[in-house]
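I have placed the structure first, in the form of structure tokens, so that the comments after it can refer back to it.
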Amino acid sequence: MLLRLHVLDRVAIGLLATGLLCVATGLLPERSASDAMTRIAPLLAFLGTVIVLAELTSRAEVFDVVAARVARAGRGSYALLFLLCVLFASVTTIALNLDTTAVLLTPVMLALASRVGIAPVPLAMTTVWLANTASLLLPVSNLTNLLAANRVALSPLGLAARMWAPQLAAVAVTMACLWLFFWRRGRRGAPVGAGVDGSGLLTSAAVSGPGAARAADVRPDGGDRYAPPVVHRPADPVLFRACALACAGFLLAILVADVPLWTASATAAAVAVAAFAVRDRSPLRLSLVPWRLLVMVPGMFLVVETVDVHGLHGLLASAVGADGDTLGLFRAAAVGGGLSNALNNLPVYLAGEAAVPWGNHDQLLALLVGTNAGPVITPWASLATLLWYERCHAYGVRVPVARLMGTGAVLATATVVTSVTVLALTR
């Protein structure tokens, strides 16, 4: 049975088993394990409920309607569509947070692919890369930002005033890499349903959303323009309105009312579930629950906590150094980005924050750049990447891991180096 599981399923089970073994053998004290689980309990509640919300919203064709509107706004130009997608993903990440972008924007982008006649991979990569690299500006953009802003005593406007230039640099580098690797002519790939795109970037089943187009409905990547689609009409307007209102309420709650993420997502998911219970019960099944993430995240935190107890703090302090000069900034960013891809950015930031000397505020912000913009190489490097990978898997879109890691390594290096350079120049 284990051999039939996806590689990430096996990784998730292995991480949880290792973490529980560390607790059982005493390698991780029970107090430390309890503290770690207490910290991530709201995170797990958010994960479980927001995935259910996204899945049911997709079933209600909300994402297909949004995708059709974005495609029409592009007016048939791939270049304009690219700019719109970059703007859409960046603003969503900055104003909401990167995890919301990964969950709610990924289905929109995947549905958009079938509307404009290209492979889903360029649009999927736009979402996951900008979910990470566009998360530097505001405290709400990333949980690590909240921790850093508290540490350096910066208000939301204060953090934005310090980080706007590194953020612009990160988005600019991301745009260049997206166009080079995925969006330029000849690299956009074949339409949904063609099996393999022209550059070997995608081997997948057709995108399985309700509004996915047939291969005959879209044309291959043969030029710089596409035919704008017609307005999409959902099959069940009642379900569409209920789920659209649930999503709008979720976004409004976390933006305006300052409601905890898990409370907002749980309430919105309950609305969506109630609507489907009345109109169509067939999608309401246990497979809606993202068990892989709910297993992987606790295991990951237990393992990192164990390593931290047994010397990670000393190693990080030595690697980061005590100097807050320009070299110290690059060391902190390199450690944050490198370890985030090996482990995960949230526990790495927490461990790295303790290793940065208290008064070295710019060095801490450089660590933030590394842990925010750097985790784009491995599928588990950030929670947003895990959520994105889950959404792609649900839609039948498989991004080859070698391609993800190769292009991600280029992006991570270029983005972190450029952003830290700008951070140093504007200190």
| request: Assess whether residue 138 counts as being over 27 Å from residue 371 (Cβ atoms) and either touching a strand residue (DSSP E or B) at 6+ places or on another chain (Cβ under 7 Å) or in contact (Cβ under 8 Å) with a residue 40 or more places away in the chain (or both). | output: no
| note | Of the residues in the stretch 375-400, those that are among the polar types (S, T, N, Q) and touching a residue at least 60 places away in the same chain (Cβ under 8 Å) number 2
| message | When the residues of the stretch 219-234 are narrowed to those that are closer than 29 Å to residue 271 by Cα and surrounded by 13 or more Cβ atoms within 10 Å (Cβ to Cβ), which ends up modelled with the lowest pLDDT? | response | 232
| message | Let me confirm something: among 427, 391, which residue is charged (D, E, K, R), closer than 25 Å to residue 94 by Cβ and surrounded by fewer than 18 Cβ atoms within 10 Å (Cβ to Cβ)? | response | 427
| Number of positions in the stretch 308-325 that are under 29 Å from the mean Cα position of the chain (by Cα) and touching a residue at least 12 places away in the same chain (Cβ under 8 Å) | 8
| said: Going through 353, 305 one at a time, which residue ends up being acidic (Asp, Glu) and touching a Pro at 6+ places or on another chain (Cβ under 9 Å)? | reply: 305
| said: I'd like the full set of residues that are within 27 Å of residue 383 (Cβ to Cβ) and among the β-branched types (Val, Ile, Thr), limited to the stretch 322-342. | reply: 335
| request: Considering only residues that are among the aliphatic types (A, V, I, L, M) and in contact with a Ser or Thr (Cβ under 9 Å, 6 or more places away or on another chain), look in the stretch 110-122 and name the one that is nearest to residue 179 (Cα to Cα). | output: 121
| Going through the stretch 265-281 one residue at a time, which ones are modelled with pLDDT of 90 or more and either touching a Phe, Trp or Tyr at 6+ places or on another chain (Cβ under 6 Å) or among the polar types (S, T, N, Q) (or both)? | 267, 268
| note | Taking the stretch 239-283 and keeping residues exposed (fewer than 13 other Cβ atoms within 10 Å of the Cβ) and touching a residue at least 40 places away in the same chain (Cβ under 8 Å) leaves 279
| Filter pass, residue 14 being out of contact with any helix residue (DSSP H, G or I) (no Cβ under 8 Å at 6 or more places or on another chain) and small (Gly, Ala, Ser) | no
| said: Of everything in the stretch 53-102, what is of a type in the set (Val, Ile, Thr), under 25 Å from residue 283 (Cβ atoms) and crowded, with 24+ Cβ neighbours inside 10 Å? Give them in sequence order. | reply: 57, 62, 100, 101
| request: For the stretch 374-393, name all the residues that are closer than 13 Å to residue 132 by Cβ and over 11 Å from the mean Cα position of the chain (by Cα). | output: 374, 377, 378
| Of all residues in the stretch 394-409 being hydrophobic (A, V, I, L, M, F, W, C) and farther than 15 Å from residue 128 by Cα, which is surrounded by the most Cβ atoms within 10 Å (Cβ to Cβ)? | 394
| task | Scan 161, 169, 119, 149 and give me the residue that is more than 17 Å from residue 251 (Cα to Cα), buried (at least 20 other Cβ atoms within 10 Å of the Cβ), free of Cβ contacts under 8 Å to residues at least 12 places away in the same chain and of a type outside the set (Lys, Arg). | result | 149
| Flag for residue 351 being buried (at least 19 other Cβ atoms within 10 Å of the Cβ) and assigned to a helix (DSSP H, G or I) | yes
| request: For the stretch 25-64, name all the residues that are among the aliphatic types (A, V, I, L, M) and closer than 12 Å to residue 246 by Cβ. | output: 50, 52, 53, 54, 56, 60, 62
| query | If you scan the stretch 58-97, which residues turn out to be out of contact with any Gly (no Cβ under 7 Å at 6 or more places or on another chain), over 25 Å from residue 142 (Cβ atoms) and of a type outside the set (A, V, I, L, M)? | reply | 59, 69, 72, 74, 75, 76, 77, 78
| Selected residue [buried (at least 23 other Cβ atoms within 10 Å of the Cβ), among the polar types (S, T, N, Q), modelled with pLDDT of 95 or more and under 15 Å from the mean Cα position of the chain (by Cα)] from 174, 144 | 174
| request: Output yes when any residue across the stretch 301-309 is in contact with a Gly (Cβ under 8 Å, 6 or more places away or on another chain) and of a type in the set (Phe, Trp, Tyr), and no when none is. | output: yes
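The values are calculated or read from the model by the stated rules, or taken from the named source; none is laboratory data. All figures in this text were calculated on a predicted structure; none of them were measured in a lab. Ideal geometry is used to build each Cβ from the backbone, glycine not excepted, and the neighbour counts take in all protein chains shown.
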